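Each remark here refers to the structure printed beneath this line.
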Amino acid sequence: MHATLSLLNTLLPMLYSMTALVYTVDFFREDPLAMRVARPFLVGTVGLHVLYLALRTVLYEHIPLASIHEVMTTVALSVAVVYLYVELKTKSYKTGLFLLVFSFVFQTLSSAFISNTGDFPAILRSPLFAVHTLSAVLGYTAFAVSAIYGLLFLLLYHDLKTSRFGLVYRRLPPLDVLSMMSLRAAIAGVVFLAITIGCGAVWASQRFPGFWQDPKFVMTGVIWLVYCAGIGMHYGLGWTGRRTVWLSLFGFVLIIFSVMAARFWLPSFHGFA
Amino acid sequence: MNGELLVVGCSHRTAPLALRESLAFGPDQLLQTLRLASRERVLAETLILSTCHRTEFYSLSTDGARAEVYVREMIARVKGSDLLGPGPCTYAYRDRDTVRHLMRVAAGLDSAVVGEAQILGQVKDAYNMAREGGSAGAFLDRLLAAAIHAGKRAHSETEIGSGSVSFTSATVSLTKKIFRDLSGKRVLIVGAGAFGRLAAEHFAEERPAALLIANRTRERAEALAAHVGGEAFGLDEVPALLRRADVVVSAVHTDRPVVRADSVREALRDRSGRTMVFADLGVPRNIDPAVSRLDNVFLYTLESLQTIVDQNLARRRREVPRVEAIVEEELERFFQSVRALQVTPVVRELRDRFESIRALETEKHLKRFAASDRAAVEALTRSIVNKLLHLPTTKIREIDLASEKGVLRLDAVREVFGMNGDAMPSGGTDPLTSAAGSAGNADAFVAAEASAGVDGSAGADGDGNR
């Protein structure tokens, strides 16, 4: 089992690089062969990645979220799965490049530095913690996907506004589809982050009195509220297009700031992750 | 007697619009001319392709030179003047070049707008007309099927027909880059002239939630609205209609903008800033250029639409070599199928020859046998002949007439078995079977088709004329 795990650990970055390459060729050249092999490549890579994480879980007896490198491989898979879902839903191959490149980067970093041992802090063995971390990873992945589609929206918006009918115009899905993708991903992120905050609060209240003063907790709450506001304005006030996309991007900048702050600048009990 | 396939005609490439207009055939005139050609029996088969960009006469006859003169005379009779006389405005192709030309036409390679798909339907219509007029036979059946197949392949396997190449269709495709689905959108067309009508028709195909037609003359707006299933309004109602419209296409003659920026700003306020698309197809401009500065508003002019049209045309032109390759492939396949048909009469003649020898010899010697044995003798001799012919028949069917060797082999078969019948032309000289070029032998083709049991023109006489 160790040998299989090690093999998959080496293979996955290669598979993601090849998949991303196929989608890149398809985006720039609309190559018929690339179009034909893109999805089978992605499905195969995702399948092997699921196997890899399942093996890790069985072998090390914890879900693969205990270290930053385990989180990275889970994020890589989440992004790929989210993209696969979007591709099946929208029948458009053309945004694969922009997401799968992140899966490749995350998986490569994870494969390079991940520790193949069962070391796992006892404090993190709670099922509540497992739900907390898993939903956090899924939530942040969804926000990242929302931000990527938001950026693609802005690119296409700019080209459409200035009558530039180049590669972006020809390849990207329609503007309202990109906006919808960004919004739906943000909604998924809000749901997962609500679970993250709820489980985290219950779990932390038993171990860290005054957890609600923790900077990471506060920042996460703010992020959640920003996204809620954006979604609320879409459904309540009819906000569409650039305004909601900018709000989503602002939320994602806050996420990056929050992660950096919790890790490097502010004292937080989230330091173990 | 050898025959030839011929096309005589003119198109947008060779003739000015005035000549093309004079040469154009309406449905009734087309049918009359085809019936005339069918009655006069100079041509074995005839087809007339008449569109706004071309008028072409396709014919299969036993004498190409005579057919060319006849076609020109017929035009002179029908149109009152020798409009298709020899000169720079007309062209004539023979045999293989004719087939290639028809396939190129069907594939959209010879169209004014390269790759346009309408021509494929027009080729089919021309063929149906020829059938109705009684001038299409087995050869045209096969030729048209091959040309239409080539056209379909060109459109399905390449991007020769992709992208919008008119301003109004480019407006629709551009709008669909902003709204994926127009079925929930309201489209306002300002102007019921030629551009407005085309835009309304194009958008109607997308089945929008509402199609609003505004025009200075309300009656014209009502007529267009009735045509496309929309609602009619006056031009003064445009500012109010902006609140309802997601897409606005304007094509009217006006000195002042019909759509002002402040009207759009007000409309946006009422629409909670929801996205709006404007296409200004008018000269001078119908829509205030300041509209383009508003958030979530996209304004396109003739200039920007021209960019899309040019890009799509360039993309289509890049596909031309691939389509030319398809045409050559289908051309070769067509001639192969014709050649294959032409082997069938040889087999039949061989069998007939052996059967007649067998029957003659059996008849001669049958009286030596007892009456009770005669049926057995008949069966025995038939069986021997069948067995003797089995291998030669199989080998003849395998002959590839596309190659010189194949043609020589068939000639050798004829010589060995003493067959010089009229049903088969000499492979080396028959334009239809010659790999080096040219096309048709009306007699041979019709005989081959009849022999192979192909449904088609049963009306060819010995000269290949109908």
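The values are calculated or read from the model by the stated rules, or taken from the named source; none is laboratory data. Treat the numbers as computed from the prediction; the structure is a model and nothing was measured. Quick reminder, even Gly has a Cβ in these numbers, built from the backbone with ideal geometry, and neighbours come from all protein chains shown. SASA here: full protein model, heavy atoms, side chains in, ligands and nucleic acids out. Shrake-Rupley method; radii C 1.70, N 1.55, O 1.52, S 1.80 Å.
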Checklist entry - Out of curiosity, is B:Leu182 within 14 Å of chain A (Cβ to nearest Cβ), under 30 Å from B:Pro284 (Cα atoms) and either open to solvent by 30 Å² or more (accessible area, probe 1.4 Å) or not polar (S, T, N, Q) (or both)? => result yes
Checklist entry - What tally of residues in region A:205-260 results from selecting those that are of a type outside the set (D, E, K, R), free of Cβ contacts under 8 Å to residues at least 60 places away in the same chain, away from every other protein chain (no Cβ under 14 Å) and outside any helix (DSSP H, G or I)? => result 2
Checklist entry - Scanning for something within 39 Å of the chain's Cα centre (by Cα) and more than 24 Å from A:Ser179 (Cα to Cα), does region B:257-274 turn up at least one residue? => result no
Checklist outcome for this item: Pairing a residue in region B:311-330 that is within 24 Å of A:Leu167 (Cα to Cα) with any residue that is aromatic (Phe, Trp, Tyr) and crowded, with 16+ Cβ neighbours inside 10 Å, where Cβ atoms lie under 8 Å and the two sit 6 or more apart in sequence or on different chains, gives B:Gln311/A:Phe165
Checklist entry - From the residues in region B:320-347 that are among the small types (Gly, Ala, Ser) and under 14 Å from B:Leu401 (Cβ atoms), which one is least open to solvent (accessible area, probe 1.4 Å)? => result B:Ser337
Checklist entry - Could you say whether any residue in region A:162-182 is of a type in the set (Gly, Ala, Ser), away from chain B (no Cβ under 14 Å) and either in contact (Cβ under 8 Å) with a residue 24 or more places away in the chain or not in a helix (DSSP H, G or I) (or both)? => result yes
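Residue-by-condition table, conditions (1) closer than 21 Å to A:His2 by Cβ; (2) among the acidic types (Asp, Glu); (3) part of a helix (DSSP H, G or I); (4) outside the structural domain of A:Pro13 (by TED's automatic domain parsing):
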residue: A:Met35; (1), (2), (3), (4): no, no, yes, no
residue: A:Arg39; (1), (2), (3), (4): no, no, yes, no
residue: A:Leu59; (1), (2), (3), (4): yes, no, yes, no
residue: A:Tyr83; (1), (2), (3), (4): no, no, yes, no
residue: A:Lys94; (1), (2), (3), (4): no, no, no, no
residue: A:Leu100; (1), (2), (3), (4): no, no, yes, no
Next on the checklist: Among the residues in region B:156-169, are any within 14 Å of chain A (Cβ to nearest Cβ), open to solvent by 50 Å² or more (accessible area, probe 1.4 Å) and of a type in the set (S, T, N, Q)?
Outcome noted: yes
Next on the checklist: Looking at the structure I just gave you, is B:Leu188 hydrophobic (A, V, I, L, M, F, W, C), more than 14 Å from chain A (Cβ to nearest Cβ) and either open to solvent by 30 Å² or more (accessible area, probe 1.4 Å) or in a loop (DSSP other than H, G, I, E, B) (or both)?
Outcome noted: no
Checklist entry - Do we find that B:Ala226 is exposed (fewer than 15 other Cβ atoms within 10 Å of the Cβ), of a type in the set (Gly, Ala, Ser), at pLDDT 95 or above and more than 30 Å from A:Trp246 (Cα to Cα) in this structure? => result yes
Checklist outcome for this item: Among B:Asp97, B:Asp82, B:Asp28, the single one that is more than 21 Å from B:Gly134 (Cα to Cα), part of a helix (DSSP H, G or I) and not β-branched (Val, Ile, Thr) is B:Asp97
Item to check | Criterion violated by B:Glu132 - all others in (1) under 15 Å from the mean Cα position of the chain (by Cα); (2) more than 30 Å from A:Leu160 (Cα to Cα); (3) surrounded by fewer than 18 Cβ atoms within 10 Å (Cβ to Cβ) satisfied | outcome: (1)
Checklist entry - Restricting the search to region B:48-76, which residues are among the charged types (D, E, K, R), assigned to a helix (DSSP H, G or I) and either free of Cβ contacts under 8 Å to residues at least 40 places away in the same chain or over 16 Å from B:Phe25 (Cα atoms) (or both)? => result B:Arg66, B:Glu68, B:Glu73
Next on the checklist: Can you report the number of residues in region A:29-63 which are within 21 Å of A:Thr95 (Cβ to Cβ) and modelled with pLDDT under 90?
Outcome noted: 8
Checklist entry - Identify, please: which residue in region B:353-373 is surrounded by 14 or more Cβ atoms within 10 Å (Cβ to Cβ) and either among the basic types (Lys, Arg) or at pLDDT 90 or above (or both) and is, among those, farthest from B:Lys395 (Cα to Cα)? => result B:Thr362
Item to check | Those helices (runs of 4 or more DSSP H) lying entirely in region B:232-350 with at least 1 residues within 14 Å of chain A (Cβ to nearest Cβ) and more than 20 Å from B:Lys176 (Cβ to Cβ) | outcome: B:261-270, B:302-318
Item to check | Test result for B:Leu19, surrounded by 22 or more Cβ atoms within 10 Å (Cβ to Cβ) and in contact (Cβ under 8 Å) with a residue 60 or more places away in the chain | outcome: no
Next on the checklist: Can you confirm whether B:Asn215 is within 14 Å of another protein chain (Cβ to nearest Cβ) and either more than 26 Å from B:Ala112 (Cβ to Cβ) or touching a strand residue (DSSP E or B) at 6+ places or on another chain (Cβ under 7 Å) (or both)?
Outcome noted: no
Checklist outcome for this item: Flagged in region A:15-44 as surrounded by 14 or more Cβ atoms within 10 Å (Cβ to Cβ) and among the basic types (Lys, Arg), in numbering order, are A:Arg39
Checklist entry - Does A:His69 satisfy being touching a Lys or Arg at 6+ places or on another chain (Cβ under 8 Å) and over 30 Å from B:Arg180 (Cα atoms)? => result no
Checklist entry - When you look at A:Thr133, is it within 14 Å of chain B (Cβ to nearest Cβ), β-branched (Val, Ile, Thr) and either open to solvent by 10 Å² or more (accessible area, probe 1.4 Å) or closer than 25 Å to A:Leu42 by Cα (or both), yes or no? => result no
